[in-house]
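Here the structure is laid out as structure tokens; the discussion comes afterwards.
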Amino acid sequence: MNRQIGGSDETAQCRYCDGHVSDRFRAVFGDEDDVAHRCLGCDCFRRISRGSAAGVDVDLVDPAEDPNRNRGQRVGAALRADGGSL
């Protein structure tokens, strides 16, 4: 038997960015009421896995405060959409 996880439309959104958050994400990473305070659209996985989605204050740099911190090595590089060389 499968357990149905339900919720209102209000809880189906990230409290920080209003992005859609799945029931499963809220059940795993959200707070005790299955509410997601942060999601993968507005936070990095390292912070979420340490509790930021549950509203816990995490001791890692917040992407909202330092957006270039979590963008990878090619932050200033030109975009190559076709996969070819520039």
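Please determine, by comparing only the residues of segment 29-71 that are over 14 Å from Cys17 (Cα atoms) and of a type in the set (Lys, Arg), which one is surrounded by the most Cβ atoms within 10 Å (Cβ to Cβ).
Arg47
Quick check on segment 1-25: of everything there that is surrounded by fewer than 15 Cβ atoms within 10 Å (Cβ to Cβ) and among the polar types (S, T, N, Q), which residue is modelled with the highest pLDDT?
Ser22
Kindly indicate whether any position in segment 26-38 is modelled with pLDDT under 90 and either over 24 Å from Asp59 (Cβ atoms) or not in a strand (DSSP E or B) (or both).
No, segment 26-38 has no match at all.
The values are calculated or read from the model by the stated rules, or taken from the named source; none is laboratory data. Bear in mind that the values here come from a model prediction, so they are computed numbers and not experimental data. All Cβ positions, even for glycine, are placed from backbone atoms using ideal geometry, and neighbour counts span all protein chains on display.
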